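The structure appears below as structure tokens.
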Amino acid sequence: MARLPILEFPDPRLRTKAQPVAVVDDRIRRLIDDLFETMYAAPGIGLAATQVNVHERVIVIDVSPEHDAPHAFINPTITRLDGLIETDEGCLSVPGFYEPVRRADEIRVEALDRDGKPFVLDAEGLLAVCIQHECDHLEGKLFVDYLTPLKRGRIRQKLTKQQRIRA
Ligand code: GNR
Ligand code: NI
């Protein structure tokens, strides 16, 4: 297991569209283990492979406070969207910023599990929000894309400055 470095906005690599996983093998299972380790250490409630510069369609999520409800999704597809919920969203790739975002409150997601077996999950509330947030990452989309250009520009400037200080 390994903790992987997380890319930060406005890194252009976060805009890469991830490719479907063709075969669920030990390499993908290792990636999933590393994503969980990186997510729990951060700490965060979800992580997409895109955020660790791996451009394959894999996401992990655990919204439970006890860290005992891990979900891994390979090639996830959202097949139903219902209702509306507004959540203060954050992102490990946009550290320190939290802004309200409106998304579907109830979703259905279809994916492969770590054994390559197809499954269907109906989710609501924070889990549904997190699945939508992670699926966006696989498309190169970030929650800041839902904000006004003014807010997004301010966040970009603050993060760019911080990154210059750290470099
Ligand atoms: O840790 C995270 N918290 C969070 C809070 C509200 C909505 C979405 C999220 S996901 C985020 C981790 C992350 O960046 N996943 O891509
Ligand atoms: Ni994120």
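All of the numbers you see were taken from the coordinates with simple rules; none came from a lab. As the structure is a computational prediction, the values presented were derived from the model and not from experiment. All Cβ positions, glycine included, derive from the backbone under ideal geometry; neighbour counts span all protein chains shown.
Structure above, values below:
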read-out: Some residue of region 61-78 being touching a Phe, Trp or Tyr at 6+ places or on another chain (Cβ under 9 Å), surrounded by fewer than 21 Cβ atoms within 10 Å (Cβ to Cβ) and not basic (Lys, Arg); value: yes
read-out: Any hit, region 126-134, residues being assigned to a loop (DSSP other than H, G, I, E, B) and either surrounded by 15 or more Cβ atoms within 10 Å (Cβ to Cβ) or away from ligand 2 (no atom under 16 Å from the Cβ) (or both); value: no
read-out: Filter result for Leu4 (assigned to a helix (DSSP H, G or I) and within 16 Å of ligand 1 (Cβ to nearest atom)); value: no
read-out: Residue list for region 11-38, restricted to those being touching a residue at least 60 places away in the same chain (Cβ under 8 Å) and either surrounded by fewer than 18 Cβ atoms within 10 Å (Cβ to Cβ) or among the hydroxyl-bearing types (Ser, Thr, Tyr) (or both); value: Asp11, Arg15, Thr16, Lys17, Val23, Arg29
read-out: Given (1) surrounded by fewer than 21 Cβ atoms within 10 Å (Cβ to Cβ); (2) under 22 Å from Ile32 (Cα atoms); (3) touching a residue at least 40 places away in the same chain (Cβ under 8 Å); (4) within 15 Å of ligand 2 (Cβ to nearest atom), number of the condition Glu99 does not satisfy; value: (2)
read-out: Given (1) within 15 Å of ligand 2 (Cβ to nearest atom); (2) over 21 Å from Val60 (Cα atoms); (3) exposed (fewer than 12 other Cβ atoms within 10 Å of the Cβ), number of the condition Ala167 does not satisfy; value: (1)
